[in-house]
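A quick write-up on the structure given underneath.
Read-outs: derived from the displayed coordinates by stated rules, not from any lab. Note that the structure is predicted; figures quoted are calculated from it, not measured. Here the Cβ is made from the backbone with ideal geometry for all residues, glycine too, and neighbour counts use every protein chain on show.
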Amino acid sequence: MSGCCGQDAKFEGVSEDYKRRLWIIIAINAVMFFVEMGAGRLAQSQALQADALDFLGDALTYGISLAVIGASIQARTNAALFKGISLLAVGVWVFGSTIYRLFYSGVPEADIMGWIGFLALVANLVSVMLLVKYKDGDANVRSVWLCSRNDAIGNVAVMLAALGVWGTATMWPDLLVAFIMAALFLSSAYQILRQALEERRAETAHCHIDSN
């Protein structure tokens, strides 16, 4: 769907193949949220719980992405803004809760972290492969790709944290990875919000010129 002035637009997700892939990824993320959150609590791993929360956020925001495919640019940028703000909130929560765990935390279970991290990595690599064909697009489509990419990076980091916890017998590798993931969430939130606002400004400017 092009803008009101008929200018060329980026891929907006209007594809049955893209929608099918999103449904598969939503199911993967929903299942992995429950698996990873339970394992994170069992292992006392802040990194695992942060990654689990990201799975939940992705499942919800992918649903929003599906809902606004083919809608007006106003609706699509609103969805992207919501997702950006959600990622910002997740980043702030992970950062704050990790600070808390600096003072109230035991040593995580490295073996649980490693196995669950590997399982989550496989799940996210499947998601990334499903989405790589559609990684470039409008703010709504781009946000979906960034979320999936973050997940894969986060899972590699969790596995490295598990190795670090095992090697040092301390909580520091787990907390370090949680801080890194918080920074990744905040960076992605900035990218999504910036692109959504730029697309909205560009659409408003084009339509204003056309009306004159």
Percent of C-alpha pairs per 10 Å bin, the chain, short to long: 9, 34, 30, 17, 8, 2, 0
Explain nothing, just the number: dipole magnitude of the chain about its Cα centre with +1 on each Lys and Arg Cβ and -1 on each Asp and Glu Cβ, in debye rounded to the nearest 20. 120
Set Lys and Arg Cβ to +1 and Asp and Glu Cβ to -1, take the dipole of the chain about its Cα centre, and tell me which of ALA205, ILE112, GLY91 lies farthest positive. ALA205
For the stretch 64-80, take each phi angle, set θ = phi - 60°, evaluate the Karplus expression 6.51 cos²θ - 1.76 cosθ + 1.60, and give the result in whole Hz per residue in order, putting x for glycine and proline. 5, 4, 4, 5, 9, 4, x, 7, 5, 5, 4, 5, 5, 6, 4, 5, 5
Compute the angle between helix 110-131 and the longest alpha-carbon principal axis of the chain, please, reported from 0 to 90 degrees and rounded to the nearest 10. 20
From phi via Karplus (6.51, -1.76, 1.60), per-residue ³J(HN,Hα) for the stretch 158-165 in Hz, x at Gly/Pro: 4, 5, 5, 5, 4, 5, x, 4
Any chance you could give the angle, 0 to 90 degrees and rounded to 10, that helix 16-43 forms with the longest Cα principal axis of the chain? 20
Computed lengthening from ASP136 to VAL92, 0.36 nm per intervening residue step minus Cα-Cα distance: 13.2 nm
Ranking ILE180, TYR190, VAL144 by how far each Cα lies towards the positive end of the charge dipole of the chain (+1 on Lys and Arg Cβ, -1 on Asp and Glu Cβ), the top one is TYR190
Quick note on MET159, MET37, ordering by fewest other C-beta atoms within 10 Å, gives MET37, MET159
Provide the gained length on full extension for the span ALA169 to SER72, in nm with one decimal, where the gain is 0.36 nm per separating residue minus the Cα-Cα distance. 29.6 nm
Taking Cα atoms only, helix 172-211 is inclined relative to the longest principal axis of the chain by an angle, in degrees rounded to 10, of 0
Taking neighbour counts of Cβ atoms within 10 Å as a proxy for exposure, in what order, fewest first, do MET32, MET171 appear? MET171, MET32
Okay, helix-only estimate at 222 nm for the chain: each DSSP H run of n ≥ 4 adds -39500 (n - 2.57), divide by all residues, round to 500 deg cm²/dmol; what do you get? -29000 deg cm²/dmol
Per-residue counts of other Cβ atoms within 10 Å, averaged by peptide: what ranking do you get for 45-53, 187-195, highest first? 45-53, 187-195
